[in-house]
């Protein structure tokens, strides 16, 4: 089985920090810890079979098929596989305006 290296962009790392802070502030630290653990686990599991993710529908609609996503609802981990590397571009709350976020972050 092929193993990939997972790399988080600075924006994706900041997304994790922002998600953690928001949950810790508006809910509790224990829940923030849980969500962070789950998101980090999802990212680390991309070392095996990252192709299992699906193409984000917002990107597919505009013809971008190079990116994939996996979910820990409501959060979406959006990444791109290039050779043996998985580049995590963003980790977003799916309840937000995803088309606008993706346009600002990925469609440049």
For the Cα atoms of the chain, what angle does the longest principal axis make with the long axis of helix 29-44, in degrees from 0 to 90, nearest 10?
10 degrees
Gap in Å between the Cα centre of the stretch 45-85 and the Cα centre of the stretch 1-36?
17 Å
Compute the length gained on full extension between residue 36 and residue 72: take 0.36 nm times their separation in residues and subtract their Cα-Cα distance, giving the result in nm to one decimal.
11.9 nm
Using helices alone, I'd like the mean residue ellipticity at 222 nm for the chain: each DSSP H run of four-plus residues gives -39500 (n - 2.57), total over residue count, nearest 500.
-12500 deg cm²/dmol
Could you list 83, 96, 105 in order of exposure, starting from the residue whose Cβ has the fewest other Cβ atoms within 10 Å?
83, 96, 105
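Values in this text are rule-based calculations from the coordinates and carry no lab data. Everything numeric here is computed off the predicted structure, so don't read it as measured data. Every residue, glycine as well, gets a Cβ built from its backbone with ideal geometry; the counts of neighbours run over all protein chains shown.
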